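Q: Dropping a structure here in C-alpha cells format, bear with me for questions.
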Amino acid sequence: MRKHYIDNLRWMVILLLIPYHAAMAWNVWGEPNYIYFEGNAVISSIVVFLSPYFMPLMFLLAGISTKFSLQKRTVRQYILERLKKLLVPFASGTIFMMPLMTYLANKFNYGYTGNVFPHYTVFFTRFTDLTGADGGFSVGQFWFILYLFFISLIALGIILLQRKMIPQKNIALSLALICLLGLPLPFFGDLLSIGGKSLAEYTYIFLIGFYIFSNDCVIGKIEKRKWVFLAVGVSASVLNVYMFIYSNMQAPFLNTIAKYVSEWFMMLSLLGIGKRHLNFSGKISKYLSKQSYAFYIFHFIWVVWFQYLLFPVYSGNTSLLYILPVLLSYGATWLCCEICSRVHFFSFLS
C-alpha cells in the first residue's frame with residue numbers, strides 16, 4: 001500500500017524552496033549568493049528556521065521510499081532508475097542551467113560585462129568557493145540530486161551486505177530509542193562535508209529512514225507524540241534563530257545543540273503529522289507530487305532571474321523585492337513543469 005503522506009510531505013517541502021532561496025539574498029552571515037542585496041535579520045530568519053530540518057527530511061523520506069522501491073524492483077532496476085532519475089538531470093542541469101545562473105550572479109555581484117555564451121568559458125574554468133556567486137563553477141541546487149545518487153548507491157551496498165550477512169527483520173524501537181537516534185547527528189555534521197552539506201550525516205539519515213522509519217509500528221509511535229515533538233522542534237528552531245541571528249552572546253555549543261534538536265524533532269513531528277493528516281491522495285496532491293521533481297529542478301533559476309530583473313525597480317522596497325520574485329517564480333516554475341509534462345523531450349524531468 002502506497003504511503004501517500006511521504007509523497008505529500010515531499011512536495012510540501014519542495015514548495016518551500018522558493019521563499020527559502022529568495023531569502024538567501026538577504027543573509028546576515030555573509031554567505032555568497034547568486035544575488036546578494038544586503039543583510040536583513042527578519043528575512044534571514046526564514047532560512048535559519050527552515051535549514052536545520054527541511055533538506056534532511058528529504059533524505060529521510062528518500063530512505064523510506066527506497067525500502068518500498070526495493071520490494072518492487074530488482075537491484076539492477078533500482079540502479080538504472082537512479083541513473084535515469086538522478087544522474088541525467090544532474091548532468092543536464094549543471095551543464096545547461098547553472099551557467100545561466102552564475103552568469104546573472106557575475107553580472108550582479110561583480111559587474112561582468114560579457115555576453116552569456118562567452119560566460120560558459122568562465123563557468124567551466126573558474127573553480128573558487130563553488131557557490132557560483134562569482135560566476136565560477138557550481139552545481140547549485142543540484143547538489144541534492146548528486147548526493148542522493150551517491151547515497152542511494154552507498155546505501156544499496158550496505159543493504160545488500162546486510163541481507164547477505166544478517167537476516168532482515170523489521171526494527172521496532174521504543175519511543176525513547178527513537179528520540180535517541182538523533183544523538184549521532186552532531187558527530188556526523190562535519191564528516192565528508194562540502195559547503196556545510198555532510199555526506200555522512202545524510203547517509204545516516206537515509207539509512208535510518210530505510211531501516212527504522214519504514215516500519216509502521218515506529219511511525220505509529222511517532223504519530224501519538226507528534227505535537228510534543230513539534231513543540232520541542234519549534235522551540236529549538238526559534239532558539240536556533242535567536243542564537244544565530246539576534247543574540248550577542250557567544251555560545252556556539254548551545255547554538256549547535258539547538259540546531260540538531262531542531263533537525264531531529266522537527267523531522268519526527270512532521271513524519272507524525274504527515275502520517276495522521278497527510279496520508280491521502282487526490283487530484284491536486286497527485287498533480288503536485290508528479291510535478292515536484294521538475295519544480296525542484298527549475299525553481300532556483302527563476303528566483304535568481306526575477307531578483308536580478310526587479311532590483312533596479314524595487315531596490316528601495318525590501319518587502320516587494322522579496323515577495324514579488326517569490327510569487328513570479330512560482331508561476332514561471334509551474335509553467336516549466338507543465339512544459340516538461342507535455343513535451344516528450346523533457347519528460348524525464350517530471
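The values are calculated or read from the model by the stated rules, or taken from the named source; none is laboratory data. Because the structure is predicted, anything quoted here is derived from the model rather than measured. Ideal geometry is used to build each Cβ from the backbone, glycine not excepted, and the neighbour counts take in all protein chains shown.
Q: Pick from the stretch 98-133 the residues that are polar (S, T, N, Q) and without any contact (Cβ under 8 Å) to a residue 60 or more places away in the chain: which of them is surrounded by the most Cβ atoms within 10 Å (Cβ to Cβ)? Steps first, answer last, please.
A: Initial filter on the stretch 98-133 (polar (S, T, N, Q)): 102, 106, 109, 113, 115, 121, 125, 128, 131.
Next, from what is left, pick out any that are without any contact (Cβ under 8 Å) to a residue 60 or more places away in the chain: 106, 113, 115, 121, 125, 128.
Numbers: N106: 23, T113: 7, N115: 9, T121: 11, T125: 9, T128: 13.
Here the residue is N106.
Q: Looking for whichever is aromatic (F, W, Y) and not in a helix (DSSP H, G or I) here; the options are F137, F96. Which one fits? Reasoning before the result, please.
A: Details: F96 fails: not in a helix (DSSP H, G or I).
Being aromatic (F, W, Y) and not in a helix (DSSP H, G or I) holds for just one of F137, F96, which is F137.
Q: Would you tally the residues in the stretch 174-221 being among the β-branched types (V, I, T) and not in a helix (DSSP H, G or I)? Before the answer, list the steps.
A: Here is the first cut: in the stretch 174-221, the ones among the β-branched types (V, I, T) are 178, 194, 203, 205, 208, 212, 218-219.
Then drop every residue that is not not in a helix (DSSP H, G or I), which leaves 194, 212.
Residues that pass the stated criteria total 2.
Q: Of all residues in the stretch 261-293, which are within 30 Å of A133 (Cβ to Cβ) and buried (at least 24 other Cβ atoms within 10 Å of the Cβ)? Explain how you work it out, then say what you get.
A: So the first thing to find is which residues in the stretch 261-293 are within 30 Å of A133 (Cβ to Cβ), and the list is 262-263, 266-267, 291-293.
The answer is S262, E263, M266, M267.
Q: Before we move on, is K3 among the basic types (K, R) and within 17 Å of L148 (Cα to Cα)? Even if it seems obvious, please write down each step before you answer.
A: Working: among the basic types (K, R): yes; within 17 Å of L148 (Cα to Cα): no.
Taking the combined requirement at face value, the residue does not satisfy it.
Q: State whether one or more residues within the stretch 231-238 are modelled with pLDDT under 95 and of a type outside the set (S, T, N, Q). Full working, then the answer.
A: Taking the stretch 231-238 as the starting set, the residues that turn out to be modelled with pLDDT under 95 are none.
Checked against the condition, which is being modelled with pLDDT under 95 and of a type outside the set (S, T, N, Q), the stretch 231-238 yields no hits at all.
Q: Still on this structure, please answer the following. Restricting attention to the stretch 35-42, does a residue exist that is crowded, with 20+ Cβ neighbours inside 10 Å, within 30 Å of F244 (Cα to Cα) and modelled with pLDDT of 95 or more? So that I can check it myself, show each step before the final result.
A: Going residue by residue through the stretch 35-42, those that are crowded, with 20+ Cβ neighbours inside 10 Å are 35.
Okay, now just the ones that are also within 30 Å of F244 (Cα to Cα), so 35.
Checking the rest, the ones that are also modelled with pLDDT of 95 or more come to 35.
Yes - at least one qualifying residue is present in the stretch 35-42.
Q: Limited to the stretch 15-42, what total is found for residues that are over 19 Å from W305 (Cα atoms) and part of a helix (DSSP H, G or I)?
A: Residues that pass the stated criteria total 2.
Q: Take the residues of the stretch 1-13 that are surrounded by fewer than 20 Cβ atoms within 10 Å (Cβ to Cβ) and among the aliphatic types (A, V, I, L, M): which is nearest to A294 (Cα to Cα)?
A: Residue satisfying both the conditions and the ranking: M12.
Q: On to the next question. Give me the residue from the stretch 107-131 that is assigned to a loop (DSSP other than H, G, I, E, B) and within 25 Å of the chain's Cα centre (by Cα) and, out of that set, farthest from A25 (Cα to Cα).
A: Just the residues of the stretch 107-131 that are assigned to a loop (DSSP other than H, G, I, E, B), to begin with: 111-115, 126-131.
The next check asks that each one be within 25 Å of the chain's Cα centre (by Cα); those that pass are 127-131.
Numbers: F127: 22, T128: 20, D129: 17, L130: 17, T131: 13 Å.
Ranking the candidates gives F127 first.
Q: I'd like to check something: does the stretch 192-205 contain any residue that is hydroxyl-bearing (S, T, Y), surrounded by 14 or more Cβ atoms within 10 Å (Cβ to Cβ), farther than 25 Å from T66 by Cβ and out of contact with any Ser or Thr (no Cβ under 8 Å at 6 or more places or on another chain)?
A: no
Q: Do you know which residues across the stretch 204-215 are free of Cβ contacts under 8 Å to residues at least 60 places away in the same chain and either closer than 12 Å to L271 by Cβ or in contact with a strand residue (DSSP E or B) (Cβ under 7 Å, 6 or more places away or on another chain) (or both)?
A: Passing the criteria: I212, N215.
Q: For a quick check of your reading of the model, give me the residue pairs whose first member lies in the stretch 321-343 and is touching a residue at least 12 places away in the same chain (Cβ under 8 Å), whose second is among the charged types (D, E, K, R) and assigned to a helix (DSSP H, G or I), with beta-carbon atoms closer than 9 Å and at least 6 apart or on different chains.
A: C337/K290; S341/K290
Q: Select from the stretch 156-173 the residues that are assigned to a loop (DSSP other than H, G, I, E, B) and in contact (Cβ under 8 Å) with a residue 40 or more places away in the chain and write down the one among them that is farthest from R76 (Cα to Cα).
A: Residues of the stretch 156-173 assigned to a loop (DSSP other than H, G, I, E, B): 166-173.
From what's left, in contact (Cβ under 8 Å) with a residue 40 or more places away in the chain: 170-173.
Values: N170: 24, I171: 26, A172: 29, L173: 31 Å.
Only one residue fits best here, namely L173.
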